[in-house]
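A.B. asks: Input: one structure, supplied below.
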There are 2 protein chains.
Amino acid sequence: MGKTKKNSTNNINKEKIMAQCTETYAMNMIGTRWKLAVFYHLKKGPLRFSNLKELIGEVSDRMLTLHLREMEEDGLVIRTVYPEVPVRVEYHLTESAMELQPVWDFLRAWGRRHRNLMTGVEPTPLDLNIAYKGPIAS
Amino acid sequence: MGKTKKNSTNNINKEKIMAQCTETYAMNMIGTRWKLAVFYHLKKGPLRFSNLKELIGEVSDRMLTLHLREMEEDGLVIRTVYPEVPVRVEYHLTESAMELQPVWDFLRAWGRRHRNLMTGVEPTPLDLNIAYKGPIAS
DNA sequence: TCCCATACTTACATTATTGTTAGTTCCTCA
DNA sequence: TGAGGAACTAACAATAATGTAAGTATGGGA
């Protein structure tokens, strides 16, 4: 996230896997701590930095910035600066990012079901129609 | 993965998000370095430790063990020990893990498309039928 | 002139994840 | 007696990710 050491075994492994395995490439793009939260809030429409931060709740400025920067580099969000005073900066998802919707839907449905299985609660059927009724809490 | 410090801010944030957000819960289960590789090879059938290691290629014993242990705890793989000499240990995916197949398919298709977009190569349509033709390399 | 808000940076501290190397255990067979 | 293979485990080292606290730039308005 911050700096990476290009020639570390760690990084070499990562690159090697990503080059061979498209799933991993995709996972690495969407899998870190605050990214799903960013997707979740931005998919409803553009938001400025401060709003996003407020909505997510527990992120620090730094963390949010880092994640947004990476998502921007990765072609997942677009950053627009309005030169007002004080500055206004808005973020919105790219079309490509929007296409991830089915993944979120599915992960949500599967996750709920699997959690139920694990905790011994009666399992929910793996039904996508249920998935989007509520807010982020499930 | 190794030991976690239960009461670190880091861990508290993680738990808090997972409790609220089913997508994140699911992501954390399948998102670390070698897990997709494990899924990929195990979905075709059970494998013993050494085979799995060989197939993946660059993992160390320790890393593979750690990931498998976590996946076992998470209800994603099942470990069977055959008390022969030398020991034979086989791993296979649980039913719940098998149900992740659509996620892998989609991530693969999306990833390929997105990578093309990013590198300026002519984009592939987001077509799942293409997704499973070949081996892991795409 | 100084304060305000927004959207950051910087420097540093802590945790988590990944990697390396060298054992260990178990029984069998030479 | 001792080597051998499978599947680990322990101890340690390095890198990456996350978190905290304080500061910066900007121009407008009191």
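Read-outs: derived from the displayed coordinates by stated rules, not from any lab. Nothing here was measured: the structure is a model prediction, and the numbers come from that model. Note that we place each Cβ from the backbone using ideal geometry, even for glycine, and neighbour counts take in every protein chain shown.
A.B. asks: Cα centroids of region A:4-29 and region A:73-95: how far apart, whole angstrom?
C.D. replies: Each part reduced to its Cα centre gives a spacing of 27 Å.
A.B. asks: Pick from A:Ala97, A:Ala37, A:Ala26: which residue has the top mean-square fluctuation in a GNM of chain A where Cα pairs under 10 Å get a spring?
C.D. replies: A:Ala26
A.B. asks: Filter the cross-link list A:Lys6/B:Lys43; B:Lys5/B:Lys35; B:Lys16/B:Lys43; A:Lys14/B:Lys43 down to pairs whose alpha-carbon distance in this structure exceeds 24 Å. Show your work: numbers first, answer last.
C.D. replies: Values: A:Lys6/B:Lys43 32 Å; B:Lys5/B:Lys35 22 Å; B:Lys16/B:Lys43 31 Å; A:Lys14/B:Lys43 22 Å.
Result: A:Lys6/B:Lys43; B:Lys16/B:Lys43 exceed 24 Å.
A.B. asks: Looking at chain B, which longest stretch skips every one of the trypsin sites (Lys or Arg not before Pro) that is in a DSSP loop with at most 13 other Cβ atoms within 10 Å, leaving the sites themselves out?
C.D. replies: Details: sites that count: B:Lys3, B:Lys5, B:Lys6, B:Lys44, B:Lys133.
By the stated rule (loop sites, at most 13 other Cβ atoms within 10 Å), B:45-132.
A.B. asks: May I pose another question? Taking each pair of distinct Cα atoms in chain B once, what is the resulting Kirkwood hydrodynamic radius in Å? Provide the component values of the computation, followed by the final result.
C.D. replies: Values: mean 1/r = 0.0588 Å⁻¹.
Radius from the Kirkwood sum: 17.0 Å.
A.B. asks: Can you tally the net charge around B:Ala19? Count Lys and Arg as +1, Asp and Glu as -1, for every other residue whose Cβ sits under 13 Å from the Cβ of B:Ala19.
C.D. replies: Details: positive: A:Arg112, A:Arg115, B:Lys14, B:Lys16; negative: A:Glu58, B:Glu15, B:Glu23.
Local charge sum for B:Ala19: +1.
A.B. asks: Collect residues whose amide H, placed 1.01 Å from N in the peptide plane, falls under 5 Å from the amide H of B:Val77; neighbours closer than 5 in sequence don't count.
C.D. replies: Excluding prolines and chain starts, which carry no amide H, the hits are B:Glu72, B:Thr94.
A.B. asks: Quick one: which residues, 5 or more positions from A:Val89 or on another chain, have an amide H under 5 Å from its amide H? H modelled 1.01 Å from N in the peptide plane, none for Pro or chain starts.
C.D. replies: For A:Val89, whose amide H was placed from the backbone, the distant partners under 5 Å are A:Phe49, A:Tyr82.
A.B. asks: With a 10 Å cut-off between alpha carbons and a GNM built on chain A, which of A:Glu122, A:Glu70, A:Glu23 moves the most?
C.D. replies: In this elastic network of chain A, the residue with the biggest mean-square fluctuation among A:Glu122, A:Glu70, A:Glu23 is A:Glu122.
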